[in-house]
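The values are calculated or read from the model by the stated rules, or taken from the named source; none is laboratory data. The shown structure was predicted, so the numbers you read here are calculated from the model rather than taken from an experiment. Cβ sites come from the backbone with ideal geometry, for glycine too, and all protein chains shown count toward neighbours.
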Amino acid sequence: MTRRVVTSALTGVLSVGALLAGGCSGDEYVAPPPATRSDAADPTVATATLAALRDALDDPGAAADLGADDESADLLAALARNATALRLEDVSLGYVTETGATDGDDGWDGLVSVSWRVDGFDRAAARTEVAVSFDDGGRTIAGVAAAERRLPLWLTGPLVVRRVPGALVMAAGEPEVADRYAERAARAVAATRPLLGRGDGLVVEVPEDGEQLHRVLGADRGAYDSIAAVTAPVDGTTAPRSPVHVFVNRAVLDGLDRVAAQVVMTHEAVHAVTGAVGARNAPLWLVEGFADHVALRDVDLPESRTAAQVIRQVKRDGLPDRLPADSDFSPGAGHLGTLYEGAWQVAETLADRGGDDALATLYREVLDGAGTADALRRGFGWSEDDLLAAWRSRLAALAGVPE
Ligand SMILES: [Zn+2]
């Protein structure tokens with residue numbers, strides 16, 4: 001594995017963290033008023049059709065019968081297969097409003113609220129709204145699309161679902177893709193266990209390509225182009241129990257070598273299984289540094305490589321005079337690779353001082369709401385200034401510069 005690849009892997013990891021800081025958990029979609037009225041729109045018939053589809057989610061043939069044509073029949077059958085393979089529970093499909101007329105006399109586009117929960121993994125249901133095209137006066141469905149922006153992966157088409165200990169992977173693509181990511185997910189979960197015990201189950205969503213990833217996340221075009229994977233709320237909401245999954249950008253992750261790809265997956269798995277998304281009180285140097293500590297723990301590479309960017313920065317600009325601030329992690333702040341390596345080195349400084357268990361305890365306590373300074377004093381006998389000093393010593397030694 002080359003140094004360049006290590007760098008690119010960690011850069012991917014980073015941007016992820018930047019999004020964690022609050023970027024990607026986006027705004028809730030608000031239904032627009034209908035643009036035009038359609039004479040065909042019949043909410044009562046549409047509601048009955050949606051109820052029939054919901055009841056048919058364990059019966060692909062019955063779901064297909066609700067399709068307006070062959071293509072939509074195939075799609076609805078695929079959605080039913082997805083729901084069964086994913087063991088979706090608490091599924092509801094509610095008609096909200098019409099959004100406009102379609103070409104035909106007896107069809108129209110409507111907005112449908114969808115909720116669902118992956119049984120055994122999600123603690124609560126995710127909710128979003130999707131655009132559904134009705135036909136035949138509302139008795140059939142001609143298509144499902146993103147309402148405005150977001151379209152959940154399980155509603156996009158046929159998925160391959162894999163289950164491994166502690167994780168579930170859903171992939172739009174060939175079975176080999178799902179197999180590959182299932183293996184990574186299994187390793188990622190296994191890597192978290194020594195430090196974290198049995199955490200929440202990990203769900204990994206693997207869209208077909210970068211474009212589909214953006215649609216699944218309801219993200220602006222290009223927002224995730226340089227990001228290998230992101231841990232984010234499934235429906236974009238920040239409600240405390242809102243399900244959080246790992247979303248993969250195959251356009252980036254598939255280009256990494258085996259070790260780098262695993263580092264990305266394990267880093268994200270740490271965020272996901274510890275409920276780090278939305279833990280607003282935990283400083284990002286701890287959230288990101290700890291994730292990299294776990295992800296890089298079993299990687300057999302010298303720190304001259306894995307910390308190359310921060311070493312270079314210390315040689316050029318001298319030692320940092322404070323711990324990384326959350327605002328440093330904002331997207332577009334620049335030098336994110338350096339920043340993440342720095343945060344990782346803070347975690348290594350703590351692990352050197354107190355061991356892995358003390359570091360994991362600190363992480364847990366702070367995530368659960370303890371003050372960082374208090375937890376640091378309790379677990380390590382350090383003030384934040386002591387930690388800063390020890391981190392600086394460690395960086396100085398790595399970079400070969402005087403303290
Ligand atoms: Zn991260």
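Restricting to the range 257-282, and then to whatever is assigned to a loop (DSSP other than H, G, I, E, B) and within 13 Å of the ligand (Cβ to nearest atom), can you tell me which residue is surrounded by the fewest Cβ atoms within 10 Å (Cβ to Cβ)? Here the answer is A279. Scanning the range 189-196 for residues that are charged (D, E, K, R) and over 18 Å from A276 (Cα atoms) turns up nothing. All conditions in (1) within 13 Å of the ligand (Cβ to nearest atom); (2) touching a residue at least 60 places away in the same chain (Cβ under 8 Å) hold for V244, with the sole exception of (2).
Every condition in (1) at pLDDT 95 or above; (2) not in a strand (DSSP E or B) holds for V246 except the one numbered (2). Of all residues in the range 171-200, those that are assigned to a loop (DSSP other than H, G, I, E, B) and farther than 30 Å from A347 by Cβ total 3. Scanning the range 101-127 for residues that are under 20 Å from A56 (Cα atoms) and of a type in the set (S, T, Y) yields a count of 2. Answer yes or no as to whether R123 is within 24 Å of the chain's Cα centre (by Cα) and at pLDDT below 95. Criteria met by R123. The lone criterion from (1) within 26 Å of W116 (Cα to Cα); (2) within 14 Å of the ligand (Cβ to nearest atom); (3) surrounded by fewer than 24 Cβ atoms within 10 Å (Cβ to Cβ) left unmet by T237 is number (2). When the range 283-292 is limited to residues that are surrounded by 22 or more Cβ atoms within 10 Å (Cβ to Cβ) and more than 10 Å from the ligand (Cβ to nearest atom), the one that is farthest from P240 (Cα to Cα) turns out to be W285.
From the list L301, L323, the one residue that fits, being buried (at least 18 other Cβ atoms within 10 Å of the Cβ) and not in a helix (DSSP H, G or I), is L323. Suppose the filter is assigned by TED's automatic domain parsing to the domain that holds D317 and either outside any helix (DSSP H, G or I) or more than 26 Å from Q309 (Cβ to Cβ) (or both); does D374 pass it? Yes; evaluated as a whole, the condition is true for this residue.
Candidates in the range 329-368 are the residues that are of a type in the set (D, E) and touching a residue at least 12 places away in the same chain (Cβ under 8 Å); of these, the one that is surrounded by the most Cβ atoms within 10 Å (Cβ to Cβ) is E341.
Scanning the range 110-147 for residues that are acidic (D, E) and without any contact (Cβ under 8 Å) to a residue 60 or more places away in the chain yields a single hit, D119. For the range 328-369, taking the residues that are within 16 Å of the ligand (Cβ to nearest atom) and either polar (S, T, N, Q) or not assigned by TED's automatic domain parsing to the domain that holds D385 (or both), the one that is modelled with the lowest pLDDT is identified as S330.
When A73, A63, A56 are checked against the criterion of being in contact with a Lys or Arg (Cβ under 9 Å, 6 or more places away or on another chain) and part of a helix (DSSP H, G or I), a single residue qualifies: A63. For the range 121-140, the set of residues classified as under 17 Å from R215 (Cβ atoms), of a type outside the set (S, T, N, Q) and crowded, with 20+ Cβ neighbours inside 10 Å consists of A126, E129, V130, V132, listed by residue number. Somewhere in the range 201-224, is a residue touching a residue at least 12 places away in the same chain (Cβ under 8 Å), under 21 Å from R241 (Cα atoms), outside any loop (DSSP other than H, G, I, E, B) and not aliphatic (A, V, I, L, M)? There is at least one residue in the range 201-224 that is touching a residue at least 12 places away in the same chain (Cβ under 8 Å), under 21 Å from R241 (Cα atoms), outside any loop (DSSP other than H, G, I, E, B) and not aliphatic (A, V, I, L, M).
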